[in-house]
1. Among the residues of the range 91-142, write down those that are closer than 22 Å to E174 by Cβ and of a type in the set (K, R).
2. Go through (1) closer than 22 Å to L26 by Cα; (2) surrounded by 19 or more Cβ atoms within 10 Å (Cβ to Cβ) for Y277 and report which single condition fails.
3. In the range 199-209, is there at least one residue being modelled with pLDDT under 85, of a type outside the set (A, V, I, L, M, F, W, C) and under 25 Å from F145 (Cα atoms)?
4. Just to be sure I understand the filter: pairs with C-beta atoms under 6 Å, separated by 6 or more residues or on different chains, first member in the range 242-259 and modelled with pLDDT of 85 or more, second member surrounded by fewer than 16 Cβ atoms within 10 Å (Cβ to Cβ) and of a type in the set (A, V, I, L, M). Which pairs pass?
5. Please verify whether N160 is polar (S, T, N, Q), surrounded by 13 or more Cβ atoms within 10 Å (Cβ to Cβ) and in a helix (DSSP H, G or I), treating the condition exactly as stated.
6. With respect to the numbered conditions (1) at pLDDT 80 or above; (2) touching a helix residue (DSSP H, G or I) at 6+ places or on another chain (Cβ under 6 Å), which one is the sole condition not fulfilled by D73?
7. Look at V231 and say whether it is crowded, with 18+ Cβ neighbours inside 10 Å and not polar (S, T, N, Q).
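The values are calculated or read from the model by the stated rules, or taken from the named source; none is laboratory data. Just so it is clear, the structure is predicted and the values come from calculations on it, not from any experiment. Here the Cβ positions follow ideal geometry from the backbone for every residue, glycine too, while neighbour counts run over all protein chains shown.
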Amino acid sequence: MHFINKKQMKGEYGQNMEEKEINKILKSGKGLFIFTIIFVCITFLSILISVGINYEAVANPKNLTTLIKNSKDNEGAYAKVDTTYLPYRFAEEKYQDYTNYYYFVVDNDKYLYIVRLTDKTYKNIEDEYLKDEDNFKYEIKGYTFEIKEELKQMAIESANKLFEQNVITEDNFENYIGKIYIDETEIPEGSDLSYLYILPITMTIVSIALCISYIIQRKRTDSVLKNSELVEDVRIELRKLKNNPFIRLKIYLTRKYIVSRIGGLKVIDYKDIIWAYSDIIYVNGIPSSKTLTVCTKDKKKIAIVTSQYNNKEIDEVLTAIKDKNNQIRIGYTEENRKFFKEYQKEEI
């Protein structure tokens, strides 16, 4: 009794590929273009939302006294305090190009606060104070930060020297000054408002990457499509392709060509391939993906398949390519790597 191989039977008696499917393969990649446009629009919308929310927060800062009294003195709020006295500097932070200073400020109700100001802002406050000391009032705005232990100790020591007695202690510090200070120079990490900046920036970077990817893929695809003679030959080959077991990998192995849709349309003649291999891509030491690369007589390395690192179909593709041209070197070995390296040095 003779048993029939079902896979062979499917390839021999299956239907030829339809023109609609062939046209889909030999297209300019509108799917990525549409996805890129949609993502760019979403990015633009997220920027508008972020700007709107941030504008609302900046336009309506919360009163620092109210935050402290209501026990809502946490990091990340955009707040204000009106000082009626010239700020008193008690600490500083030096950077390479600038210095930020910490000050005590007192409001009209004689409540004591800590603020961090740039030298420029302090100069503005000083100018306003000298104009009219009796009616002086200056609104300081910024994001709230937690008072860390080092700053707290400096504040206690400086305040007690200023008052000429030990009024403020570790135990009553929050009663006098609170848990937060206003910083006009930056946004605290992890706050809701910081995410308003991080999300649009991240999406903008991704949008730019998508646009670049689309341009590269479109250019690569167009370079194939403009060769009408090659395209027609590929069409003929694809029409003859009755079974494609690797359709999930976006690769088509005809009798003459490898047709890949990874990173744009790629058409490679088997007789032009001298080396083919697969390798696993690692991210932080963890295997993430597996890529099949072919090296051609014109000294190019072309990635034709990318999939999960444990996908055994890639090895099957490699075997199928070898069956089309038994002169192709197979596998990533030191011998093959050195061979291709020397080959690249030769003049074509």
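1. Across the range 91-142, the qualifying residues are K110, R116.
2. (1)
3. yes
4. Close Cβ pairs (under 6 Å, with a partner that is surrounded by fewer than 16 Cβ atoms within 10 Å (Cβ to Cβ) and of a type in the set (A, V, I, L, M)) amount to L253/A320.
5. For N160, the condition - polar (S, T, N, Q), surrounded by 13 or more Cβ atoms within 10 Å (Cβ to Cβ) and in a helix (DSSP H, G or I) - is met.
6. (1)
7. So V231 fails the test.
Listed here are the residues, each with its yes/no results for (1) within 27 Å of G331 (Cα to Cα); (2) polar (S, T, N, Q).
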position	(1), (2)
V224	no, no
E229	no, no
F246	yes, no
R261	yes, no
G264	yes, no
D279	yes, no
S288	yes, yes
